[in-house]
Number of protein chains: 2
Amino acid sequence: MAYRETEKMRQRKAEARQRIIDCTYECVADGGFRSARITRIADLAGVATGTIYRHFESREDLFAGVFRLATQREVDKVAEALGTDGDAAMRLEKALRQFARRALRGPVMAWSLIAEPVDPKVEEERLKYRKAYASLFETAIREGIKEGCIPDQDARQSSTCLVGAISESLVGPLSPSQVEETTENTTDNNDPLVDAIIRFCMQGLTGTRR
Amino acid sequence: MAYRETEKMRQRKAEARQRIIDCTYECVADGGFRSARITRIADLAGVATGTIYRHFESREDLFAGVFRLATQREVDKVAEALGTDGDAAMRLEKALRQFARRALRGPVMAWSLIAEPVDPKVEEERLKYRKAYASLFETAIREGIKEGCIPDQDARQSSTCLVGAISESLVGPLSPSQVEETTENTTDNNDPLVDAIIRFCMQGLTGTRR
């Protein structure tokens, strides 16, 4: 009898794939990409390591998939904040603030997405997503220039400045060593940090002291 | 007779090591880390590939060394610009402008240093050097606050915003595909681009429209 994939088999395969992704996500959120070993993921997902390689060409391939999934969530959140009411400067500030706050609330995952040294394949995804953020900001800056709440400027250039400023300034506070320190010594009040980042970004955009 | 390394042998070894580094540097400046294959480096340096591995543990190890060398040069240039005459805001502007201009004049090397997806070992060097830049900027910002030419702010946070804004905004213009386009279609007048980046950075710092 010829091999034929039944609907049930397809479904079971899809479920296994999803479980592998979910468990990898969990590992990354817990200790970064470097801690996400295939044997550990297989254990968590309740599959053989060989099964993982039937679903993904390589470890890097699986990681790239998880990276896309996790980053798309953040991109969607930024898009959502930019889509609310208010003038463009207000919406940009809201989006930047939310991005920083969300990162500081899930520091390990955020560090992995923003700065953890990763395989070139994952790094390529990172470059793509940075463009996705920049493109959202660029649209909002153009709207702001039209509305008159943001002075005329090279919107594309400024959008990349925003992406760089906010992600770079989060790298330190998010880095694993720093996070432990913070948890030990202080409360989780990151407002002054977020305020400093947002001030720089909004001043950069508007040239107005805040 | 026991093996004893003579002065001449030591010198020859040191020269070979230096030649390997120089040739790798040349390869990277020409086509990025990904184009720097060990066989090509060995060819250029006139050594066997095995010789390279006697001097460096691995390809990544050699790359990390070249990365350090190339980046240290840029860090020194920034330090030099920050050490000239003028108030801190002027010196910061000068340092940022020079950094951007130098990057745009050697775009392949700059892209490799700033953004090329690289092995985690090299990426770790990148994170260290970003801290070195930030630390130089931080000192200058503190001086500016003391002098009164820069408003009071979280100098450390702003320094990382500067590093992020300038490097991220150069990533696009430096990326290999973009560089070809630029060479084909336009002159090498990057002043408007550099001006836009510097304006954002200085406005971010000072909150004064420029």
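Taken together, the values in this text are just the output of simple stated rules run on the coordinates, not laboratory data. As the structure is a computational prediction, the values presented were derived from the model and not from experiment. Because the Cβ atoms are built from the backbone with ideal geometry, glycine has one as well, and the counts that use them run over all protein chains shown.
The table below lists the values:
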{"quantity": "Where only alpha carbons of the stretch A:1-96 are counted, the Rg and the Dmax (Å)", "calculated": "18.4, 66"}
{"quantity": "Taking the convex hull of Cα positions in chain A, its mean projected area over all directions (nm²)", "calculated": "14.9 nm²"}
{"quantity": "Helix A:191-206 axis, angle to chain A major axis (alpha carbon atoms, nearest 10°)", "calculated": "60 degrees"}
{"quantity": "The stretch B:1-64-the stretch A:67-86 distance, computed between alpha-carbon centres (Å)", "calculated": "47 Å"}
{"quantity": "Averaged over B:202-210, number of beta-carbon atoms from partner chains that fall within 10 Å", "calculated": "6"}
{"quantity": "Residues B:Thr39, B:Thr208 arranged by fewest to most Cβ contacts within 10 Å", "calculated": "B:Thr39, B:Thr208"}
{"quantity": "Expected-Rg normalisation [2.2 N^0.38 Å, Cα atoms] applied to the protein assembly as shown", "calculated": "1.09"}
{"quantity": "Across B:Lys77/B:Lys146; A:Lys121/B:Lys131; A:Lys13/A:Lys128; A:Lys131/B:Lys77; A:Lys146/B:Lys131; A:Lys128/B:Lys121, pairs whose alpha-carbon gap is larger than 31 Å", "calculated": "A:Lys146/B:Lys131"}
{"quantity": "Order of B:Arg102, B:Arg12 under a 10 Å beta carbon neighbour criterion, fewest first", "calculated": "B:Arg12, B:Arg102"}
{"quantity": "Helix axis angle, B:155-174 relative to chain B longest principal axis, alpha carbon, degrees", "calculated": "70 degrees"}
{"quantity": "Dipole in debye (nearest 20) - the stretch A:67-206, about Cα centre, beta carbon charges: Lys, Arg +1; Asp, Glu -1", "calculated": "380 debye"}
{"quantity": "Mean Cβ neighbour count within 10 Å, used as a protection proxy, ranking B:24-33, B:146-155, A:197-206 highest first", "calculated": "A:197-206, B:24-33, B:146-155"}
{"quantity": "Burial ranking of peptide ranges B:76-89, B:106-119 (average Cβ count within 10 Å, highest at the top)", "calculated": "B:106-119, B:76-89"}
{"quantity": "Degrees between helix B:176-185 axis and first principal axis of chain B (Cα, 0 to 90, nearest 10)", "calculated": "70 degrees"}
{"quantity": "Dipole of the stretch A:67-206, positive direction: furthest Cα of A:Asn190, A:Ser167, A:Gly148, with charges on the beta-carbon", "calculated": "A:Gly148"}
{"quantity": "Average beta-carbon neighbours from other chains, 10 Å sphere, peptide A:146-155", "calculated": "2"}
{"quantity": "The stretch B:50-152 - percent relative contact order, Cα under 8 Å, separation 6 or more", "calculated": "35 percent"}
{"quantity": "The stretch B:7-56 - charge dipole about Cα centre, Lys and Arg +1 at Cβ, Asp and Glu -1, debye rounded to 20", "calculated": "260 debye"}
